[in-house]
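Reading through the structure tokens given below for one structure.
What follows is calculated from the coordinates using simple rules that are stated; it is not laboratory data. In this text, all values refer to a predicted model and were calculated from it rather than measured experimentally. Cβ atoms come from the backbone with ideal geometry, glycine included; neighbour counts cover every protein chain shown.
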Amino acid sequence: MNFRRPGSMTERLTRSLLVGLTLLWLAGVFGSAIVLKRLIDEKSDDELQESGMILMTLVSHIDDLLVTAAVLGGNPTPPQATSPHERMVYQIRDSSGRVLLRSDNAPTELLDVPLERGLVDFGDWRVFTIEDSVHKHFFQVADPLAERRDALVKSVLWLTMPLAALLAFAAFLVFRASRSLTHQVQRTANAVSRQDPQALGLLPLEGVVTEMRPAVEATNHLLARLANALEAERSFTYNSAHELRTPIAAALAQAQLLAARAEGTALHDAAGALVAALSRLARLAERLLALARADGAQPLADQWVDLAQVVRLTVDEFRRNPRLRGRSIVAQAAPVRVRGDLDAIGLALRNLVENALVHGAGGSFIRVTCAGTREMVSLAVIDDGPGVDPTEIPRLMKRFARGSGAAESGAGLGLSIVDTLARRMGAKLDLISPPEGHRTGFEARLVWRLSPR
């Protein structure tokens, strides 16, 4: 199994193109070196043969050897040293191999060169042998192979240095081109990341290159189908809850009337249970309506919201709630503001307080707080009820999920609604049980992370 982390598309594309260009460059250098070697060898061989023919014409017969040696600056005896600027050497031998005349820089090893007409490599020399058929002499001219190798190396260097600069420039162009191509992918990814999950929109096609357009159009078709499916689900939830509210309210009113008339009779307990069940059903319908609004396709407003005012209004509203049952509800609101939707923040806070009322039974207080720093702003609801097992916290934000000790009247939707609203507002819902500094209880906290200015 391969666990290697995949690289970016830009890196892989740049690396592949550069490897290909480098291999092509090396192949071109190698091929050029072969061609240059052949050209240098041919040119040097031509010069060697021409020089040999010219020098041979100066030596017309054996009687003029001394004169020729004087003209060419040589003598019949080998030299003790070779001048660094002299390149070509020569020697004249008879048919038995005896040296008749040689240049003063001719090495002694050339005496072993066979007396055969033509070109031959002998040690570090390239030797051309030509026969004087009139005088039966052999004229041998030699050129050092090291100079040919030096010429080849210099030529290859002069050839590869500009090509290396071109390769570096090509690497830069390849990197820029690959970045430009992958920018389209990144642009599409950024557009997808900015999509509101509750209000899916189409990705922009403006500026998309031709190769990327089919992928973006296919993604738009998929988003359109998903948006239709989500809208159908929301509509069903909203319409069902809305249509159920009226008959549930009517049934609850009849049940309450029946319970009042059955007081003191055997039907009183059954009528009370019916009222409790219908009340729970009415709250469930209200929660479904709230969930439909939280999941709505309408974008949330982006305005400054005074959290302290929202806290005070919500606490005042719940102080008259009969389900407090002797518990106190207090507000501790610092003057802080966040960017968000006023109605969404109010709905989320009411659901958190409802959650504390239902599941914090047995406690003595409910505290609603808001505070802020330069890095974050928090809105929290804390109760001192029984709380929940910390291992159950991750599943509490799922729809219709309740803790093991949850009250029967809970629908398991309150925290899910708050979590949905928080994500749409760019906030985060944190659940803590027990709260810091308490032995029991539960804390639900909305946190906004502020970007540095």
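Tabulated data for the structure shown
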item: Ranked by how many other beta carbons lie within 10 Å on average, peptides 320-330, 345-355 from highest; result: 345-355, 320-330
item: Positive minus negative residues near Met376 (Lys, Arg vs Asp, Glu; Cβ under 10 Å); result: +2
item: Partner lysines for Lys37 [C-alpha distance under 25 Å; skip if fewer than 8 residues away on the same chain]; result: Lys154
item: Inter-label distance, nm, simple model (7 Å from Cα along the C-beta direction), Gln49/Thr210; result: 5.7 nm
item: Length added when fully stretched, Leu152-Leu313, from 0.36 nm per residue minus Cα-Cα; result: 48.8 nm
item: Difference of contour (0.36 nm per residue) and Cα-Cα distance, Ala266 to Ile34; result: 72.2 nm
item: Segment Ala277-Ala165, length gained on full extension (0.36 nm per residue, minus Cα span); result: 32.0 nm
item: Cα gyration tensor category, rounded, prolate or oblate, for the range 303-449 with a/c compared to 1.5; result: prolate
